[in-house]
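Beneath this line is the structure, given in structure tokens, with notes to follow.
The values are calculated or read from the model by the stated rules, or taken from the named source; none is laboratory data. Not measured: the values here are computed from a predicted model. So basically every Cβ, Gly included, is an ideal-geometry build from the backbone, and we count neighbours across all protein chains shown.
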Amino acid sequence: MKLARVRTASGIRQVAFKDGKWNSVEDIFDSPLKFTGEAFTEQECTFLAPVEPRVIFAMAHNGTPDQINNPPQAFQKSTHTLAGPGDSIYRDASLGQMDVECELTAVISKTARHLTLENAMDHVLGFTIGNDVTLPEQTPHDHLLLQSKNGDGFTPIGPWIETDFSHYDDATMYVRINGKEVIKTSTNQLARGVAAQLVHVTKYTTLGRGDVLLGGSPTSMYAVNAGDQVELEIEGIGVLANSVVAS
């Protein structure tokens, strides 16, 4: 099932897609969902980031199978980088190259700490698309990644959460720039799959419901400029579209 946050004429709503419409629910984390009776067509909705995480984590050096030889590492991004579908990514040309990165993003459903490979996926509500925007020329100057990973609009996620997504470790991904496909890849190229990622992160810190983990870029990064229109697609989830603007 698709779950989302949307802005409507009636205000911001949490919704689930059912019977061809986006139906308002009390809380997308409820099981079972509690429907309020409101329903909206897609044309009546402006999609927002599907969750408002307290923390955003992303996996480092997890982009190719050979990186399994590196120790697992994750880094944190400011929640101020969060953006939704259609929001702008702001590029400061004085900071050098900007890359977009298509990443499968896990949305946490409940408190998660010291997870195991056996129970990790029980703590995932579903998956969305994440864009881990990066300034690669800044990375050598700051190994803590403030300079390269934390600009305005540097973490778009969306357009919704897909809860029925079992092929998370073999999902086809596309990057399109200005309507042209420039990358086709798969999560099967990641050094560590979703469960292993969650085991690593929760060994050291607690994740809570609505937090997100961007799983790494399986050679899905591409340099962009102000004026570019970016579309990231993961088959079985949807398309996340954002524009790059000069700041």
message = For the structure I just gave you, tell me whether Ala195 is surrounded by 15 or more Cβ atoms within 10 Å (Cβ to Cβ), in contact with a helix residue (DSSP H, G or I) (Cβ under 6 Å, 6 or more places away or on another chain) and part of a loop (DSSP other than H, G, I, E, B).
response = no
key: So Thr172, is it of a type in the set (Ser, Thr, Tyr), more than 17 Å from the chain's Cα centre (by Cα) and surrounded by fewer than 18 Cβ atoms within 10 Å (Cβ to Cβ)   = no
key: Residue that is surrounded by the fewest Cβ atoms within 10 Å (Cβ to Cβ) [pool: residues in the range 143-162 that are assigned to a loop (DSSP other than H, G, I, E, B) and aliphatic (A, V, I, L, M)]   = Leu144
task = Would you mind listing the strands (runs of 3 or more DSSP E) fully within the range 200-247 where at least 1 residues are touching a residue at least 12 places away in the same chain (Cβ under 8 Å) and surrounded by fewer than 20 Cβ atoms within 10 Å (Cβ to Cβ)?
result = 221-224, 229-234, 238-246
query = charged (D, E, K, R) and in the same structural domain as Met121 (by TED's automatic domain parsing), is that true of Asp19?
reply = no
inquiry  = If Glu42 meets every condition in (1) out of contact with any strand residue (DSSP E or B) (no Cβ under 8 Å at 6 or more places or on another chain); (2) closer than 23 Å to Tyr174 by Cβ; (3) acidic (Asp, Glu) apart from one, which number is that one?
reply    = (1)
ask   = Are any of the residues in the range 17-26 in a loop (DSSP other than H, G, I, E, B), at pLDDT 95 or above and of a type in the set (Asp, Glu)?
value = yes
request  = Could you give me the residue pairs with C-beta distances under 8 Å whose first residue belongs to the range 1-16 and is outside any strand (DSSP E or B), whose second residue is among the hydroxyl-bearing types (Ser, Thr, Tyr) and surrounded by fewer than 19 Cβ atoms within 10 Å (Cβ to Cβ) wherever it lies, and which are 6+ apart or on separate chains?
outcome  = Met1/Thr163
